Structures are given as structure tokens and as C-alpha cells.
Amino acid sequence: MSKAIYPGSFDPVTLGHLDIIERSAKIVDELVIGVLNNSAKSPLFSVEERVIMLREVTKNLSNVSVVAFQGLLVDFAEEIHANVIIRGLRAVTDFEYELQMTQTNKKLNPDVETIFLTTNVQYSYLSSSIVKEIGKYGRPLEHFVPKQIEQQVSEKLRKMQTEYK
Ligand code: ADP
């Protein structure tokens, strides 16, 4: 029985994330999306908002659940009895950091394996930061975020932009 965690900030969830979620849900028995609650990163969306958005866009996937976590990923993996970590790789630039994290996690808990899924080419350029940059200037986000959350993300970004003007 494989139980996997897909950890990340998801600030906000993009179509690239959703693609990784849908593909990994097909290869593991149970997938827990772990939303990192890290105040040092000063996210645009609160961890509660990010969890709600992820639940909305994954509600049709019966073996997927969404929870917030803080602290070390391996501790969270142990807590929920997960034996796999899923990460997405977009480009070589992701690789060095991901390799370092994977090797550290392996040292901390040799029983947890990290599996990398390479990005779907159509989303290889896509990141939450890109979404924030585009949405800030009022451009539609339909090609970048799941349609269920598009309006919410656009409104939040536009509001932020007017507040800082
Ligand atoms: P983090 O703060 O951990 O980098 P992100 O929310 O940015 O969190 O990303 C979570 C995971 O999703 C990471 O493994 C990242 O490489 C992957 N990811 C992000 N965007 C994409 C994408 N467009 N295609 C594939 N994987 C992606």
C-alpha cells in the first residue's frame, strides 16, 4: 500500500501542480497534498485559503486529500505514515535544490522514497510566481490556474495591486 505526500506552497495551485496531482494519484494508493505553512515565505494566500482551493480543484479525485503542515517534511511523513514523497521537476534549475532536499530527507528517514515526475511540457514554464505576476496586472488566468479558482485568484491579485498603488 503506497501512501504519498505531495508537498509544496501552492500559493496558488497552478495547472502544473494539478497535472502532477492527477498523474501521481494514478500511481499511488493514497495521495496527501501537504500545504506548507511557512510564515517566513509571506505567502499571498493564507494556508487555510490554499487548502480550500486545493480541496476544490481535487474534489473529483477520490484518493486525494489536502492538509496543512509545518516543520520538517520527514516528520510530517512519519506522522501520517506516508512512504513516498512526490515532487515535480520543471527544468535543470529545479534539480540541484531538489537533489539536496531528497538526499537530506533520505538521511533523516531512509524508509521514505522521493519520486520525481517531470513536468508536462505545456506547463514547464509555469509557477505560482508567474501566476502572481500576470494576475497583478489584470490579465486573465485561464491558461495558468484551474478554472474553479480563477476568479478568486484574479480578484485577490487585483485587490493587492490597487492597495499598493
Ligand atoms: P515549493 O515551495 O516546495 O517550491 P511549489 O508550490 O512551488 O512549492 O511547488 C510544489 C512542487 O510542485 C515542487 O515539486 C515543484 O517543482 C512542483 N511544480 C511547480 N510547478 C510545476 C509545474 N509547472 N510542473 C511540474 N511541477 C511543478
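The values are calculated or read from the model by the stated rules, or taken from the named source; none is laboratory data. Since the structure is predicted, the reported quantities are computational estimates derived from the model, not experimental observations. When we count neighbours, we look across all protein chains shown, and the Cβ atoms used for this are built from the backbone with ideal geometry, even at glycine. Side chains are part of the model used for accessible areas, which takes the heavy atoms of the whole protein and leaves out ligands, DNA and RNA. Shrake-Rupley method; radii C 1.70, N 1.55, O 1.52, S 1.80 Å.
Is it the case that segment 64-85 has a residue that's loosely packed, with under 13 Cβ neighbours inside 10 Å and within 13 Å of the ligand (Cβ to nearest atom)? The answer is no; no qualifying residue exists. A Cβ distance below 6 Å, combined with a sequence gap of six or more or placement on separate chains, defines the contacts here; from segment 112-132, residues that are touching a residue at least 24 places away in the same chain (Cβ under 8 Å) and assigned to a strand (DSSP E or B) reach residues that are open to solvent by less than 50 Å² (accessible area, probe 1.4 Å) and more than 10 Å from the ligand (Cβ to nearest atom) in the pairs E113/V84; T114/T102; I115/V84. Within segment 1-18, residues that are in contact (Cβ under 8 Å) with a residue 40 or more places away in the chain and at positive phi have Cβ atoms under 8 Å from residues that are near the ligand (Cβ under 9 Å from one of its atoms) and hydrophobic (A, V, I, L, M, F, W, C) in these pairs: F10/V35, counting only partners at least 6 apart in sequence or on another chain. Within segment 1-31, how many residues are away from the ligand (no atom under 12 Å from the Cβ) and either open to solvent by 10 Å² or more (accessible area, probe 1.4 Å) or in contact with a Gly (Cβ under 8 Å, 6 or more places away or on another chain) (or both)? Total satisfying the criteria: 9. Checking segment 53-72 against the condition returns a match, with at least one residue being touching a Phe, Trp or Tyr at 6+ places or on another chain (Cβ under 8 Å), under 19 Å from A25 (Cβ atoms) and in a helix (DSSP H, G or I).
For segment 44-63, the set of residues classified as closer than 22 Å to T119 by Cα, among the aliphatic types (A, V, I, L, M) and open to solvent by 20 Å² or more (accessible area, probe 1.4 Å) consists of L61 only.
Picking from residues in segment 86-111 that are more than 19 Å from the chain's Cα centre (by Cα) and in a helix (DSSP H, G or I), the one that is surrounded by the fewest Cβ atoms within 10 Å (Cβ to Cβ) is K107.
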